[in-house]
Amino acid sequence: MEEADVLAFLRCPYAELVDFAINFANLTRKEAAVVRLCGRLKYTQAEAAEELQCSEDAVQQWYKTAKHKLKMAWTGRSWIAKVCKEER
């Protein structure tokens, strides 16, 4: 699974399915918030930093870590791969 697949799955219209799959990754609250803002709602990192009242560097680090955790948790799950292919 590539980073583009992670982003494609996060932005697919099946919100409940995405929320369910995100739980596999065991994200921290801050990582989950950044995934919701940057991944699902397409905020820029600057907008997310303003929303979360923190630095852009912190948002960038949380988002990078979260995407890595999601990629590792979702690799090998065929139903996630299938949805990713459909959304591309």
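Every number in this text was worked out from the coordinates using simple rules, so none of it is lab data. Model, not experiment: these values are computed from the prediction. With ideal geometry, Cβ positions are generated from the backbone for all residues, glycine too; neighbour counts draw on all protein chains shown.
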Global geometry of the chain, whether rounded, prolate or oblate, following the gyration tensor of its Cα atoms and the 1.5 cut on a/c: prolate
Among the listed pairs Lys42/Lys82; Lys42/Lys64; Lys30/Lys67, those beyond 18 Å (Cα-Cα): Lys42/Lys82
Label point distance in nm, Asn23-Lys42, each placed 7 Å from Cα along Cα→Cβ: 2.8 nm
Choice from Val59, Val35, Val18 with maximal GNM fluctuation in the chain (Cα, 10 Å cutoff): Val18
Most mobile listed residue (Arg36, Arg77, Arg11) in the chain, GNM with C-alpha springs under 10 Å: Arg77
222 nm mean residue ellipticity, helices alone, for the chain (DSSP H n ≥ 4; -39,500 (n - 2.57); rounded to 500): -19500 deg cm²/dmol
Length added when fully stretched, Glu86-Glu16, from 0.36 nm per residue minus Cα-Cα: 23.5 nm
